[in-house]
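Chemist: Sharing a structure here in structure tokens format.
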Amino acid sequence: MLDQQKRNCSPEEIEQAITELERYRERIVNDLFQSARRVDVSHKATMANIGKNPEILRIDAEIEKLQEQQSQLR
């Protein structure tokens, strides 16, 4: 059923979902940087950890799926 709902989304709805996911991702990244600063973790180490963060990976995968779906509608 969820697949059927995804197929019926308009390009505008997909764009809105992508935008919301990007904002959520940015908020997570900012929170991780703030936490790292509090405990004196280097910028380089923080970037490496962000690249491995499961939530970030899930968001990136979902954004990629939505972008593929969006390109198919155009």
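Every number here is computed from the coordinates shown, using simple stated rules; none is lab data. Just so it is clear, the structure is predicted and the values come from calculations on it, not from any experiment. As a convention, Cβ positions derive from the backbone with ideal geometry for all residues, glycine included, and neighbour counts pool all protein chains shown.
Chemist: Set Lys and Arg Cβ to +1 and Asp and Glu Cβ to -1, take the dipole of the chain about its Cα centre, and tell me which of 33, 17, 72 lies farthest positive.
Modeler: Checked the options; the winner is 33.
Chemist: Next question, about the same structure. From the helices alone, meaning DSSP H stretches of at least four residues, give me the mean residue ellipticity at 222 nm for the chain, per-run term -39500 (n - 2.57), in deg cm²/dmol to the nearest 500.
Modeler: -28500 deg cm²/dmol
Chemist: If you don't mind, there's one more thing I want to ask. What length, rounded to one decimal in nm, is gained on full extension from residue 31 through to residue 69, with 0.36 nm per residue of separation minus their alpha-carbon distance?
Modeler: Between residue 31 and residue 69, full extension yields 10.7 nm more.
Chemist: Now for a separate question. How would 46, 19 line up from fewest to most surrounding beta-carbon atoms within 10 angstrom?
Modeler: Placing the least packed residue first, the sequence is 19, 46.
Chemist: If you take the Cα atoms of the chain, find Rg, then find the Kirkwood Rh from the mean of 1/r over all pairs, what is Rg/Rh?
Modeler: 1.12
Chemist: I would also like to ask the following. Calculate the spin-label point distance for residue 10 paired with residue 45, positioning each point 7 Å from the Cα along the beta-carbon direction, and give it in nanometres.
Modeler: 4.9 nm
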